[in-house]
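All of the numbers you see were taken from the coordinates with simple rules; none came from a lab. Given the structure is predicted, the values throughout are model-derived calculations rather than measurements. Every residue, glycine among them, receives a Cβ derived from its backbone with ideal geometry; neighbour counts consider all protein chains shown.
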Amino acid sequence: EAGVTQSPTHLIKTRGQQATLRCSPISGHTSVYWYQQALGLGLQFLLWYDEGEERNRGNFPPRFSGRQFPNYSSELNVNALELEDSALYLCASSTRDRGLVAGTYNEQFFGPGTRLTVL
Amino acid sequence: GDSVTQMEGPVTLSEEAFLTINCTYTATGYPSLFWYVQYPGEGLQLLLKATKADDKGSNKGFEATYRKETTSFHLEKGSVQVSDSAVYFCALSDWRGSTLGRLYFGRGTQLTVWP
């Protein structure tokens with residue numbers, strides 16, 4: 001079974017440009033999560049998409065946005081890039097239990113990440 | 001709000017030494033707790049998990065027990081190998097309200113094991 005895939009592996013942009021990162025979830029998974037792993041800041045939750053809808057968002061400015069396609073793959077867009085956006089961006093996917101209640105979870109499976117460098 | 005604190009690294013050990021990486025958490029609900037491992041150049045892999053108090057998660061010789069009274073989930077291994085060299089992250093999931101969908105991670109602990 002193929003795991004979560006991300007593209008590109010590396011991305012180099014200059015300040016002010018836009019970056020687009022892509023993620024393909026594990027087959028059968030409907031939820032996609034994005035995390036930022038920046039040096040010195042650890043892993044920060046960015047976005048959660050499920051069934052094409054944004055379900056939750058971390059403490060990031062609106063220039064971080066994304067979408068989920070009908071095949072459940074996802075894009076993360078970062079507009080007006082700043083130097084501090086340089087980081088490893090990790091995508092994860094999970095199944096989605098429609099009867100999910102508080103105290104339960106669905107395991108998140110992570111991809112290898114996209115390394116974004118802003119010059 | 002929810003948060004995870006884990007011991008600062010790096011941790012350097014000789015092969016077959018005993019490993020402990022401390023992790024404590026703050027949560028207002030009833031979180032599930034996880035240890036993830038990140039090998040060089042790779043994404044995160046779930047190492048073990050525990051979903052309720054007193055549960056013990058275990059995998060590949062690693063263990064961690066969910067201690068609600070001390071809000072801790074310390075990672076242990078009795079005899080580390082060179083192949084265990086990686087960054088270890090403690091994390092929690094508290095699936096309710098504004099925390100839906102997100103994992104809260106500690107800062108990570110770099111482990112290096114020498115032969």
Given chain A reduced to its alpha-carbon atoms as identical point scatterers, what log10 I(q)/I(0) does the Debye formula return at q = 0.09, 0.15 Å⁻¹? -0.23, -0.63
Which Cys residues of the protein assembly as shown have no other Cys Cβ less than 4.7 Å away and so no disulfide-compatible partner by this rule? none
Mean shadow area of region B:31-84 over all directions, Cα convex hull, nm²: 4.1 nm²
Top positive-direction residue, dipole computed over the protein assembly as shown with Cβ charges, set A:Gly58, A:Asn77, A:Thr117: A:Asn77
Diffing region B:40-46: the Karplus 3J(HN,Hα) column from phi (6.51, -1.76, 1.60, θ = phi - 60°), in whole Hz with x for Gly and Pro, holds x, x, 10, x, 7, 10, 5
Test of the criteria: in region B:1-43, which chymotrypsin sites (Phe, Trp or Tyr not before Pro) are in a DSSP loop and have at most 11 other Cβ atoms within 10 angstrom of their Cβ? B:Phe18
Between A:Thr14, A:Thr95, A:Thr30, find the one with the highest GNM mean-square fluctuation for chain A; connect C-alpha pairs within less than 10 Å. A:Thr14
Interchain or long-range residues, amide H under 5 Å from B:His74's placed H: B:Cys23, B:Thr65
Once Lys and Arg get +1 and Asp and Glu get -1 on their Cβ, which of B:Thr28, B:Ser58, B:Ser93 lies farthest toward the positive end of the dipole of region B:15-99? B:Thr28
What area, in nm² and to one decimal, does the C-alpha convex hull of the protein assembly as shown cast on average over all directions? 12.7 nm²
Just how far, in whole angstrom, is region A:3-31 from region B:36-115 if you go by their alpha carbon centroids? 25 Å
Averaged across A:86-93, how many Cβ atoms of other chains sit within 10 Å of each residue's Cβ atom? 1
Give me the Kirkwood hydrodynamic radius of chain B in Å, from all C-alpha pairs, to one decimal place? 14.2 Å
